[in-house]
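Below is one structure, written out as structure tokens; comments come after it.
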Amino acid sequence: MFLILLNLAVAPGLFLLIIFYFVDREREPLSLVFATFFAGVAASIPVAILEISAKFLFTPFSQTFSPQLLQVSYMFLVVAPVEEVLKFGAVMAVVFVSREFNEWYDGILYAMVASLGFATLENIIYVLSQGATVGLLRFFLSVPAHALFGGIMGFFLSGAKFSRRPFPWLVGALFFPILFHSLFNVFLVSGQIFIILLVIPLSAIMWIFLIVAIRKGWRLKSAPKKRIVGSK
């Protein structure tokens, strides 16, 4: 049973990683892909510490504000920002200044890989502790959502990499994943079916964004390169 649950927990992340790796028309070095994946895994450790610590900061307000308001605040102010900032940090630390990051699609791929590394360890913890039903739900919801957050982040990281004005792109690389992540979580934990179902149009919007971003990355593959931030 343990091995079945473990496979269920690992499968969605690896499945999506393989798909988006082979979508790339110029294969990235597997060593850098795995380094980015495990940087995402490592990011989940400080995330867990920060999120657990932040819960204690919300405890004094439990008598003043409604549980729903506190939960929404926790998602917007803690969970989404902490997770996306640390995934952002993993990509920046491992691959952003690498010479292998030389195409628009590379940012999308590497940010997705870091996000899937994070999501895989998170998924293992959830599935082993809560069972196969949770594993199946997360297979179709949470893990793909993390990949989408990462892909959106990566599009903006590519903009920062190849732009002469990287700062607005870097802001977008954090702002949009945090926004989408916050909304996704709030919808799921709302407890009201008509609100939970809003994850469907939200996911559709993110998929459309990602597909457009990938197509843009392919079009820019042969475009003249602008100055690459961090390269010599």
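The values are calculated or read from the model by the stated rules, or taken from the named source; none is laboratory data. Small disclaimer: the values here were computed from a predicted structure and weren't measured. Quick reminder, even Gly has a Cβ in these numbers, built from the backbone with ideal geometry, and neighbours come from all protein chains shown.
Key figures for this structure:
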quantity	calculated
Residue in segment 100-109 that is aliphatic (A, V, I, L, M), assigned to a helix (DSSP H, G or I), touching a Ser or Thr at 6+ places or on another chain (Cβ under 6 Å) and closer than 26 Å to PHE156 by Cα present	no
Near pairs, Cβ below 9 angstrom, 6+ apart or cross-chain, from segment 92-105 (closer than 22 Å to ARG219 by Cα and of a type in the set (Lys, Arg)) to any residue that is outside any loop (DSSP other than H, G, I, E, B) and at pLDDT below 90	none
Those residues of segment 187-232 which are under 26 Å from SER158 (Cβ atoms), modelled with pLDDT of 60 or more and in a loop (DSSP other than H, G, I, E, B), in sequence order	LEU220
Qualifying residues in segment 95-142 (those that are under 12 Å from the mean Cα position of the chain (by Cα) and among the β-branched types (Val, Ile, Thr)) - the one surrounded by the fewest Cβ atoms within 10 Å (Cβ to Cβ)	THR120
Candidates ALA93, ALA80 - the one that is of a type in the set (Gly, Ala, Ser), more than 28 Å from LEU197 (Cβ to Cβ), modelled with pLDDT of 95 or more and part of a helix (DSSP H, G or I)	ALA93
Conditions (1) more than 22 Å from ASP106 (Cα to Cα); (2) part of a helix (DSSP H, G or I): number failed by PHE180	(1)
Condition check for ILE49: aliphatic (A, V, I, L, M), out of contact with any strand residue (DSSP E or B) (no Cβ under 9 Å at 6 or more places or on another chain), closer than 24 Å to ILE178 by Cβ and surrounded by 14 or more Cβ atoms within 10 Å (Cβ to Cβ)	no
Residue within segment 52-71 that is modelled with pLDDT of 95 or more and under 19 Å from TYR126 (Cβ atoms) present	no
All positions within segment 143-169 that are surrounded by fewer than 23 Cβ atoms within 10 Å (Cβ to Cβ), of a type outside the set (A, V, I, L, M, F, W, C) and touching a residue at least 12 places away in the same chain (Cβ under 8 Å)	PRO144, GLY159, SER163, ARG164, PRO166
Matching residues, segment 128-146, being farther than 13 Å from GLU83 by Cβ and among the small types (Gly, Ala, Ser)	SER129, GLY131, ALA132, GLY135
